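Below is one structure, written out as structure tokens; the observations come after it.
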Amino acid sequence: MTAPSTTVIALRPAPRAGRGGLPGLILTGGVLAAALLLAVLGPVLAPDALEQDILLGVTPPGTPGHPWGTDELGRDVLQLLIAGSGSALAGPVVIALGSMLLGVLLGTITGYVQGWLDFTIGRITDLLLALPVVVVAIVVAGVFGSGYWVTVAMLVVLFAPSDIRLVRSAVIEQSARPYIESARMLRLSPWRIMFRHIVPNVTPIIVTNALVNFAIAIVALSSLSFLGVGVSPGSADWGRQLDDGRALLLSNPAASIAPAIAIVVVACAANLLGDVIAARAERKGSAE
Amino acid sequence: MNDTSIVLEARALSVRGPRGVIVEPVDVRVHAGQTLAVVGESGSGKSLTARALTGLLDPALEATGVVRWGEREFDLSSNVPWPSLRGSAISLLLQDPFTSLSPVHRCGVQIADTVRAVAKRTGRRLSSREVQSIVTDRLREVGLDASVAGRYPHELSGGMRQRVAIAAAIAGDPDVLIADEPTTALDASTQGEVLEVLAALQRERGLGIVLISHDLGVVRGCADDIVVLYAGAVAERGPARVVLDAPVHPYTARLLAAEPPLDHRLERLEGIPGSVPSPGQRPEGCAFAPRCALATELCRTDVPQLSAVSRGGVVACHHSSTPLVSEERDRAGTARTVSFDDALLQVRGLRAHHGATEILHGVDLAVGPGEIVGVVGESGSGKTTLARCVAGLHVPSDGELTLGGVALPRRLGDRDPRDVQMVFQDPYSALNPRLTVGEALREALAVSGRPASDAAALLESVGLPSKYVGRRPRDLSGGERQRVAIARALAPRPRLLICDESVSALDVSVQAQILALLLRLRDELGTPVLFITHDLAVVRQVCDRVVVLRQGAVVETGPVEQVFDEPQHPYSASLLAASEPSLELKGSRA
């Protein structure tokens, strides 16, 4: 039987407890802050991560001097993990912020001004959204070479369309509200209306989306490294490490499981922090 | 009245929130075939009481007390088997028929769902033909054709949707129907129809109704008993005729006095100063004391207990033995005559479209200097589109707009902000939640080159203390927000002010304050006002002339006294008749 659609019966209070609480904020924010700190301090904490010891080769966790063992080239897994956090996180931060910037700028303008500009940018975003990310990445790598920052730049462009759409629809929703119509009747400049009145009111959505993008970017960038597009072979990176360690699953499981867990933990923390912020903004909104 | 006829009784029903008690213990008793009205302003706790009675409170809130339906009694703080009660013992009818029905299901399906759900719980199996015949019966009971079952909510008018919602609410044969502001979202003429449907159901089924309403006009015609709530506590309770005709609590009296009459213009509009305190900020002693003219030291320190007064009422007031001086409200003479040689705003042959549909079919309108002109009509008459065309927010397809003899550009982009400003309906979305009051006002002042220091004076001119410049909209009540919105609209010293339903979202006591403010500002500044409203009683109080709009065309226009007392067009007459408050009480009608 379908759920009764009259509110008389169907209206059950949605359980909301536990979402948007302070512990969630501290936990997810703390994990992310720790990961970012690790990325910044990586070169200091693990200066010899790339030092090879071919003679030693792969060793299991618990080897003296190498608590998490070593990989095929005799590199220390723990040091490699610490050093790899830099490229695993720097790119996603740039991707999340870059696409957010493009999204806010173009999304706000297209949503508020509409007209031919909206149409043109709308069709371009449609086109970009229709492209398969991995195929484009391989083609771009073929044309421009497979540098890390080339890949990051490409991902900024590929992430931006969904940001533009999201911001645009949120801006359209705000534009119809009386406070914006009052601002228009006062003949305030469009820039002022867009960036002083509308954008601050859609900020929670933008921030939440940027955090989700950050999580997706970690996984995307790691996947591309795993496929060999992105960071160059031999450098420290979680996606690279995951790929290299794949063959050692029996001799040293930590070599691939450690970076995998690191990716999952950071991506989940970013996603959940996004949820927490969204829930807090929602609660604050309802209090207003 | 014997006790067996009680269909719903709640004793010491109370609602607690995270910040303390929101609704103080209240007793509710509904007899079969009778209506209990719960009356109060926003923040009085009337909707929370209704929700507590149906188990639909927000999970952050907690209800306590004992509720009894017929023979079944439950403690609200323990687990009440709500699913087995909702629909069959008790049912809820919500305010807005536009959102309470599912837009993607046909009306018949929505009623049938309740029928099946209730039948399933009682272990009956119904064939789909039986369900269908019950659905048809329910639709007939609310005065709708059986064919409505096959239609979607968006194909129906507001009044018809509310009837479908009523049909769904009674589909499981409940003993009690809780109607939360069932007519507030509807036009005056449709309101009457919906109330008539409820009254008919009550007569035929012996349905007990709890009517939650802020509208004393609605309550007057329907209620047998009335509970007046103020700041989450009972102020007065008793038979309808006692409470409405001889109120003892000053709050009830002021609430009644704030209701604008349709048949004459008052010398002075009596609002209730201030606003309902929120749960965390209730004063010691009587919660109404800060707004009460009779308040004494005792009121400010001791909470008054409910005590019986004559003729079956109970009142929580230290002054219940002091008879209220019933102030005879003065009738004003005829409204001031306005010199009307050269109209300031002239609208000629205005046509406007929404997509391919023509909404306005050549409207003519004039507003003279210092004049308040009301535009009335039902929803769909085009009055809001007219306001938006004059405001520049909607570009008309044809017609002429002139202000002071100079053509007013059709597009907002070509206009001067000192020409026309507007005050909107909803005070909650009229202000940017991120800006302080001061920031919003300074921005509006800068538009016409006025110094930012004028903000304080501007606030005082709309009756707000100048310290409000630092406040944010969320710290303000609805009435205060609307005052800020008026101040912002007046900041560039516009030559014409448009009020689009600017008081219809406000409580009646606050509405009177805002109307008085608009009248005072008109007298002080001489700014003419185009006043869009569906509420004819409001027009009677503030407007000099009135324009009656029907389906995008003006059917009648003239001075308010003339149109209201001797309407020439049958449509004006029918609008007036529908707005006529039922002066008779329920009992006296039979």
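Annotations for the structure displayed:
- Full extension of the segment from B:R140 to B:A553, taken as 0.36 nm per residue of separation minus the current Cα-Cα distance, would add 145.2 nm.
- Helix-derived mean residue ellipticity, 222 nm - over chain A, DSSP H n ≥ 4, -39500 (n - 2.57), to 500: -24000 deg cm²/dmol
- Spin-label model, B:R106 to B:S127: label points 7 Å out along the Cα-to-beta-carbon direction sit 1.9 nm apart.
- Percent antiparallel among DSSP beta bridges (both partners in the range B:3-223, rounded to 5): 55
- The 3J(HN,Hα) values that the Karplus relation (6.51, -1.76, 1.60; θ = phi - 60°) gives for the range A:119-129 are, in residue order, 4, 4, 5, x, 5, 5, 5, 4, 4, 5, 5 Hz. Gly and Pro appear as x.
- Between B:Q562 and B:T357, the FRET efficiency estimated from the beta carbon spacing at R0 = 30 angstrom works out to 0.35.
- Chain lengthening between A:I26 and A:A247 when straightened (0.36 nm per residue, less Cα-Cα): 75.8 nm
- Label positions at B:A577 and A:V40, each projected 7 Å from the Cα along the C-beta direction, are separated by 7.8 nm.
- Each of B:G280, B:T322, B:A253 was scored by the projection of its Cα onto the charge dipole of the range B:247-333, and the greatest displacement toward the positive side belongs to B:G280; charges sit on the C-beta of Lys, Arg, Asp and Glu.
- Förster radius 22 Å - calculated FRET efficiency between B:D173 and B:R203 (Cβ-Cβ, nearest 0.05): 0.90
- For A:F214, neighbours were defined as the other residues whose beta-carbon sits under 14 Å from its Cβ, and their charges (Lys and Arg +1, Asp and Glu -1) total -2.
- Counting only aspartates and glutamates at least 8 places from B:K46 when in the same chain, those with an alpha carbon closer than 14 Å to its own are B:E24, B:D27, B:D180, B:E181, B:D215, B:E236, B:D507.
- Value at 222 nm in deg cm²/dmol, rounded to 500, when DSSP H runs of n ≥ 4 in chain B each add -39,500 (n - 2.57): -9000 deg cm²/dmol
- On Cα atoms only, tilt of A:22-45 relative to the major axis of chain A in degrees: 40
- Chain B - share of DSSP beta bridges that are antiparallel (%, nearest 5): 60
- Modelled label reach - B:D245, point 7 Å along Cα→Cβ, the range B:300-324 residues with backbone N closer than 16 Å: B:310-313
- Virtual spin-label span in nm between A:L117 and A:F144, 7 Å along Cα→Cβ: 2.6
- Radius of gyration and maximum dimension Dmax of the range A:56-175, Cα, Å: 20.9, 68
- Pairwise FRET efficiency - B:R311 versus B:L61, Cβ, R0 = 35 Å, nearest 0.05: 0.50
- Tilt relative to chain A, helix A:254-287 - C-alpha long axis, 0 to 90 degrees, to 10: 20
- For the protein assembly as shown, a simple Cβ point-charge model (Lys and Arg +1, Asp and Glu -1, everything else neutral) yields a dipole of about 540 debye relative to the Cα centre.
- Overall, chain B carries a charge dipole of about 1440 debye about its Cα centre when +1 sits on the Cβ of Lys and Arg and -1 on the Cβ of Asp and Glu, all other atoms neutral.
- Beta bridges assigned by DSSP with both partners in the protein assembly as shown are antiparallel in approximately 60 percent of cases.
- One decimal place: the segment B:D342-B:D302 gains 8.4 nm when fully extended, by the rule 0.36 nm per residue minus the C-alpha distance.
- Helix A:77-113 and the longest principal axis of the Cα set of chain A meet at an angle near 20°.
- Charge-dipole axis of chain B as Lys and Arg at +1 and Asp and Glu at -1 on Cβ define it, positive-most pick from B:A573, B:V555, B:G192: B:G192
- Here the Karplus curve 6.51 cos²θ - 1.76 cosθ + 1.60, taken at θ = phi - 60°, turns the phi angles of the range A:222-232 into couplings of 5, 4, 5, 4, 4, 7, x, 9, x, 5, 6 Hz, with x standing for Gly and Pro.
- Sequence-distant residues sharing a close amide H with B:G374 (under 5 Å, placed H): B:F531, B:D544, B:R545, B:V546, B:V547
- Within chain B, the longest run free of exposed loop sites, counting GluC sites (Glu not before Pro) that sit outside DSSP helix and strand states (H, G, I, E, B) and have at most 11 other Cβ atoms within 10 Å, spans B:329-583.
- Neighbourhood charge, 9 Å Cβ-Cβ cut-off, centred on B:P153 and excluding it, Lys, Arg +1 and Asp, Glu -1: +2
- Across chain A, Cα pairs under 8 Å and at least six residues apart give a relative contact order of 26 percent.
- Neighbourhood net charge (14 Å Cβ-Cβ; Lys/Arg +1, Asp/Glu -1) for A:P161: 0
- Both radii are taken from the alpha-carbon atoms of the protein assembly as shown; with Rh as the Kirkwood radius, Rg/Rh is 1.04.
- Of the trypsin sites (Lys or Arg not before Pro) found in the range B:230-285, the ones in coil according to DSSP and having at most 14 other Cβ atoms within 10 Å of their Cβ are B:R268.
Here, each number is a calculation from the coordinates, and none is a lab measurement. For clarity, every value in this text was computed on a predicted model and none was experimentally measured. A quick note on method: Cβ atoms are made from the backbone with ideal geometry, for glycine too, and the neighbour counts reach across all protein chains shown.
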